[in-house]
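The values are calculated or read from the model by the stated rules, or taken from the named source; none is laboratory data. Quantities reported herein were computed from a predicted structural model and do not represent experimental measurements. In this analysis, Cβ positions are derived from the backbone assuming ideal geometry, glycine residues included, and neighbour counts consider all displayed protein chains.
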Amino acid sequence: MTDLAASSESLAVCGELFRLVDAKLFLRFSPTNWGKRTIHKPTGGVLTFGDTPPPIDIYSGNTGRAAVQLALEPKHSQPHQRGGAEVVIADEKDDSLGNVSRGDRI
């Protein structure tokens with residue numbers, strides 16, 4: 001590994017070094033105001049090597065857009081029974097096309 005680290009001729013060599021030591025970086029983010037926007041900046045993290053267990057449970061589910069949107073749906077939009085008919089109480093954003101309003105426009 002020392003030979004790989006000393007050779008800075010190629011990024012592929014550096015990638016191979018990280019693959020060999022099995023380095024993983026886990027970051028922690030916190031919301032921070034940036035003008036009128038809120039952004040999430042890294043505030044800490046953990047670097048692991050080899051077979052060290054990760055500090056969190058690693059997500060192994062589907063990461064496609066449809067699956068992520070389904071996971072982000074509010075849980076309070078559950079159907080309710082009223083007089084034998086099913087009534088769905090929806091929040092205000094159900095008719096959105098996926099565009100996010102940051103509320104910073106006047």
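For every residue, the table says whether it meets (1) at pLDDT 90 or above; (2) assigned to a strand (DSSP E or B); (3) at positive phi; (4) aromatic (Phe, Trp, Tyr).
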| position | (1), (2), (3), (4) |
| --- | --- |
| Asp3 | no, no, no, no |
| Glu16 | no, no, no, no |
| Leu27 | yes, yes, no, no |
| Pro42 | yes, yes, no, no |
| Val46 | yes, yes, no, no |
| Thr52 | yes, no, no, no |
| Ala66 | no, no, no, no |
| Glu86 | no, yes, no, no |
| Ala90 | no, no, no, no |
In the stretch 23-62, anything surrounded by 11 or more Cβ atoms within 10 Å (Cβ to Cβ) and out of contact with any strand residue (DSSP E or B) (no Cβ under 8 Å at 6 or more places or on another chain) is listed as Thr52, Asn62
